[in-house]
Structure formats: structure tokens, C-alpha cells
Amino acid sequence: MEDRILGLHHLTAIAGPAQRNYDFYRHVLGLRFIKKTVNFDDPSTYHFYFGDEVGSAGTILTFFPWEHAAQGRPGTGQASEIGYSVPAGSLDFWQQRLAAHGVAVGPPEARLGEQQLSFRDPDGLPLALIVSKTPDPRTPWTTAEVSADVALRGFHTVTLTLADPAGTAQVLTDIFGYTLLEQDGARTRYATDTVAGAALIDLLAAPGTPPGTVAAGSVHHVAFRVQDDAMLLRLRERVARSGLSITPQIDRQYFHSLYFREPGGVLFEIATDNPGFMVDEPLAELGTHLLLPPQYEKRRTQLEAVLPKIS
Ligand code: ZN
């Protein structure tokens with residue numbers, strides 16, 4: 001199949017207080033804070049981006065932090081766990097580091113032949129650190145406390161919990177070019193061989209489970225990667241031809257996007273590599289300024305006054 005999806009682009013979730021979210025992902029997990037901007041649909045709310053040095057697709061986790069967000073309810077039609085790839089031998093370090101920061105974490109567990117640590121972020125968002133069966137060649141961002149031998153490489157897999165995975169599986173295989181890799185009980189893993197990381201999607205069947213609600217501690221949408229605008233528009237055609245309704249192309253300042261709700265209820269996005277995170281900040285200064293899209297620049301003073309201070 002031509003124009004196969006190039007793995008995950010980013011994942012976007014809802015958080016509670018901005019400072020707590022910033023501290024957890026930047027300090028505890030050691031990700032690079034690559035962009036501080038606002039929710040383009042609600043500019044009095046931040047949009048935070050965490051990733052590797054340059055914000056490579058497949059490493060980008062973004063949040064809309066709301067100071068007084070209600071808690072989401074887990075259920076079907078949702079991404080229910082974000083799995084990060086970590087190196088072999090790093091799980092002891094992470095178990096100790098997470099426990100030292102007050103995170104409830106048990107010993108490593110096995111899933112589909114891989115070892116992982118499961119825990120939740122401060123808002124209850126389920127996360128896993130997974131030692132991949134196949135070596136992960138991606139270069140991680142490192143900090144004084146999280147060195148290269150333990151640092152997160154980017155996404156390993158995202159788990160989607162679905163009342164009936166059939167329609168979602170069909171989107172992955174027939175439109176996105178993924179193939180079924182393995183199955184264990186209710187979990188089926190799909191993979192693309194177009195990329196070396198962020199190449200997996202797990203579908204978890206939960207028939208009879210009610211739909212979840214999206215609020216703090218839950219994933220808002222799952223974004224898949226394409227190279228450029230031409231490929232984005234060809235994918236748009238393919239999604240539309242399958243009978244699903246899909247938005248026109250939207251400019252997200254750092255990438256160009258399309259959105260559609262897949263048959264299992266999860267909001268999917270398809271996003272381009274271009275123009276990338278250096279479009280409005282040099283590499284060395286990523287994440288250090290409050291960046292506003294042109295339509296909000298004239299409201300900067302007012303927005304700076306209402307957005308919580310982050311230190
Ligand atoms: Zn997105």
C-alpha cells in the first residue's frame with residue numbers, strides 16, 4: 001500500500017494544574033518542554049508540548065492543563081494508556097525514581113513478551129514504561145537526573161479501549177497500512193514497519209463497558225504521522241472514501257492536521273512533519289517563550305495576565 005501512516009505523530013491529553021503537569025513530565029520523566037502555547041480554540045488555556053530535543057514525531061505528548069478540570073471517567077472509545085519506550089535495564093531506576101516522587105508503582109510486569117512499569121501521572125493518566133523487544137534506535141533527550149541509559153525514547157504503543165475493535169482495526173489496516181502483529185486475550189497489537197519507533201497500536205476489547213468521558217487524566221486524541229501536505233490530502237481522500245467524515249486541513253502552527261472519529265469512538269488526527277517546532281523559536285530556546293498564533297498576538301498582554309505562571 002502506498003502512503004502508509006508513519007506511526008504516531010503526537011498524543012494530546014487533558015491535565016489539571018499546569019505547574020504540576022509541567023513538573024511531572026519535565027522533571028520526573030525528563031522530557032524536553034518544547035513548546036508553551038495556548039489552546040487555539042480556547043486561548044485562555046495553555047497548550048504544553050513535551051518531546052525529544054527537536055519535538056520529533058512519535059515523541060510528542062501535549063496537554064491542555066485546566067486549573068480546575070473535572071476528572072475524566074475511563075471507558076470505551078478512548079486511548080487508555082500511553083506506553084513509552086525505555087532501554088533494557090532501566091526499569092529498576094524508574095521504579096525507584098517514581099516511588100521517590102510519590103508515584104504509586106509496582107514491580108515490572110510482562111505484557112506481550114515485554115517488561116513494563118505501569119503507573120499514573122498526577123492527574124490519573126495511565127502511563128507505562130516498556131522495554132521493547134526490538135532495540136529502539138531513537139536518541140533521547142537527557143537531563144541532569146535522567147541520563148541516556150534510562151531516558152524515554154518516545155512512544156512505544158498507545159492502547160485504545162474499545163467496545164468492539166473491529167471498525168478501528170479496519171481503519172488501521174485498510175487505511176493506515178498497519179498489520180496485525182500479535183494477540184493475547186483481549187489485547188491485539190497492530191504495527192507499521194514504516195518507522196523504527198512509535199510504530200505500535202494496541203486495541204483492547206472491552207465489550208459491554210460504557211464509553212469514557214474525556215476530562216483530566218484522559219487522552220483527548222491520537223495523532224498519526226504523515227510526511228507532508230500532499231500525503232495528508234491523499235489520506236483525507238482515503239478516509240472520506242471509506243464513509244467516515246473528516247475535517248478539512250487545519251493549520252496547527254507546528255503541523256497541518258485533519259481530524260476524524262474512528263468507528264470505535266476515538267478521535268484520530270493525521271498530522272504532518274512540516275513546518276515543525278522551530279518555526280517560531282530556535283532549537284536552543286524551544287519551550288522558553290509563550291508563543292501565540294498570529295490571531296492571538298494582539299491579545300498577548302491580556303492572555304499573559306490570565307494564564308497561570310509557570311516556573
Ligand atoms: Zn493534536
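Brief remarks follow.
- When only alpha carbons are used to place a centre, the range 117-150 and the range 204-244 end up 24 Å from one another.
- Over all other residues within a Cβ to Cβ distance under 12 Å of P65, the charged ones net out to -3, with Lys and Arg as +1 and Asp and Glu as -1.
- Accessible surface ranking for K309, K35, K133, 1.4 angstrom probe, highest first: K309, K133, K35.
- Rolling a 1.4 Å probe over the protein heavy atoms gives the range 8-306 an accessible area of 40 Å² per residue.
- Spacing of the two label points (7 Å from each Cα toward its C-beta) at M278 and A70, in nm: 4.4
- Straight-line reach from K35: taking Cα to Cα under 12 Å and skipping same-chain neighbours fewer than 8 places apart, the aspartates and glutamates in range are D52, E53, D280, E281, E285.
- Protein accessible area in the range 8-306, 1.4 Å probe - carbon and sulfur %: 53
- Label-zone membership for the range 34-69, site Q302, 7 angstrom Cα→C-beta point, backbone N under 12 Å: 43-44
- You can think of it this way: the chain between Q249 and E285 has 10.1 nm of extra reach, that is 0.36 nm per residue less the Cα-Cα gap.
- One chain, two ends: R234 and H27. Fully extended at 0.36 nm per residue, the span grows by 70.6 nm beyond their Cα-Cα distance.
- Gaussian network model of the chain, Cα within-10 Å springs - most flexible of V103, V86, V158: V103
- Net length gained if the chain between T179 and A88 were fully extended (0.36 nm per residue, minus Cα distance): 30.2 nm
- Gaussian network model of the chain, springs between alpha carbon atoms under 10 Å - residue of I82, I250, I201 with greatest fluctuation: I250
- Across the range 160-248, the mean sequence separation of Cα contacts (distance under 8 Å, 6 or more residues apart), normalised by length, yields a relative contact order of 25 percent.
- Set of lysines near K36 by C-alpha distance (under 25 Å), chain-local residues within fewer than 8 positions excluded: K298, K309
- Highest-fluctuation residue, A104, A215, A128 considered, GNM on the chain with Cα pairs under 10 Å: A104
The values are calculated or read from the model by the stated rules, or taken from the named source; none is laboratory data. Please read all numbers here as calculations on a predicted model, not as lab measurements. Because the Cβ atoms are built from the backbone with ideal geometry, glycine has one as well, and the counts that use them run over all protein chains shown. Side chains included, ligands, DNA and RNA excluded: accessible areas come from the protein's heavy atoms. Shrake-Rupley method; radii C 1.70, N 1.55, O 1.52, S 1.80 Å.
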